[in-house]
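> First the structure, then my questions, so here it is.
The values are calculated or read from the model by the stated rules, or taken from the named source; none is laboratory data. Keep in mind the model is a prediction, meaning the values are calculated, not measured. Ideal geometry is used to build each Cβ from the backbone, glycine not excepted, and the neighbour counts take in all protein chains shown. Just so you know, the surface numbers come from the protein's heavy atoms only, side chains and all, with ligands and any DNA or RNA stripped out. Shrake-Rupley method; radii C 1.70, N 1.55, O 1.52, S 1.80 Å.
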Amino acid sequence: MRAPPAPRVLLRHASAYYRPAGRFAWHFAQGKLAGDPAFRTILAEGLLAERQDVLDLGAGQALLAAWLLAARTAYASEHAGDWPRGWPAPPPLRSYTGIEINPQEVRRARRAFAHDTGAAVRIVHADIGEADYGTPDAVVLLDVLHYSDFRTQETVLQRVRAALVADGVLVMRIGDAASGFGCGLSKAVDRTVALARRGRWLRLHCRTLRQWQQLLATLGFSTRAIQMPDTTAFSNVLLLARRT
């Protein structure tokens, strides 16, 4: 199944944040936001609906911040087609905190959001296992935890639950280790990306979808799995978790 493409105005506004950060940051934003269905799914399914204070762990160059800010602009537009019919209102973003360990990504993100964005965008250079999470009403983890060992995964998720406000949500993208070829392909891509960004080959610590859901239940979350379109070759699944 293929999802409708994101509106061009949304992609244009989101990638425009990265022009001050250089050609690489700008082109990467254009390609990633256009091609990765997680961003469209987050808006189309309203996974962050009504959320004001978002914490993005393993934020990279903070594409999610650009996406959510651009969504607000597109939603307010009076031009037909700028906001897809049937999509819920985007989150009324008040603050965004992105935590990223890669200094190059941090520099690009800070340059992108150096000017007033209408929301408090903060980029923190830190390890997600040690940084202060604050008190967000939404936490996002996209393709991050499998780079950490199992104990660290549990520690991060424990800290996420403790940080979230009472009605807070967690949005995770995970790879399903039970998916066979899809999981192998995802791991190969992730290792290549990690080698390019961090300069070393990383061991991945993967779980099945069922194991992720069991872990989250043990830590005090209820979960709903959301299958993304356009990912038939991969094993990626979005999980929406709420505190119980």
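> Where does the range 132-173 land on the Kirkwood hydrodynamic radius, alpha-carbon pairs, in angstrom?
Kirkwood radius, the range 132-173: 10.6 Å.
> Each label point is 7 Å from the Cα along the Cα-to-Cβ direction; what then is the distance between the points at Thr152 and Ala217, in nm?
2.8
> OK, next. Can you list residues whose amide H is under 5 Å from Val124's amide H, if they're 5+ apart or on another chain and H is modeled 1.01 Å from N?
Placed amide hydrogens put Gly98, Ile99, Glu100 under 5 Å from Val124.
> What is the spin-label model distance, in nm, from Ala89 to Thr244 if the labels are put 7 Å beyond Cα along the C-beta direction?
With each label point 7 Å from Cα toward Cβ, the separation is 3.2 nm.
> So how many Å³ per residue does the convex hull of the Cα atoms of the chain work out to?
Looking at the chain, the number lands at 116 Å³ per residue.
> Which order do Arg207, Arg111 take by accessible area at a 1.4 Å probe, largest first?
Arg111, Arg207
> Here's something else I'd like to know. Starting at the first residue of the range 203-210, write each ³J(HN,Hα) from the Karplus equation 6.51 cos²θ - 1.76 cosθ + 1.60 with θ = phi - 60°, in whole Hz, x for Gly and Pro.
Residue by residue, the range 203-210 yields 7, 9, 10, 9, 10, 6, 4, 4 Hz.
> Here's a follow-up. Taking a quarter of the surface of the Cα convex hull of the range 1-72, what do you get in nm²?
Dividing the Cα hull surface by four gives the mean projection, 5.1 nm².
> Compute the longest continuous run of the chain that contains no exposed GluC sites (Glu not before Pro); treat a site as exposed when its DSSP state is not H, G, I, E or B and it has at most 15 other Cβ atoms within 10 Å.
Within the chain, the longest run free of exposed GluC sites (Glu not before Pro) spans 131-244.
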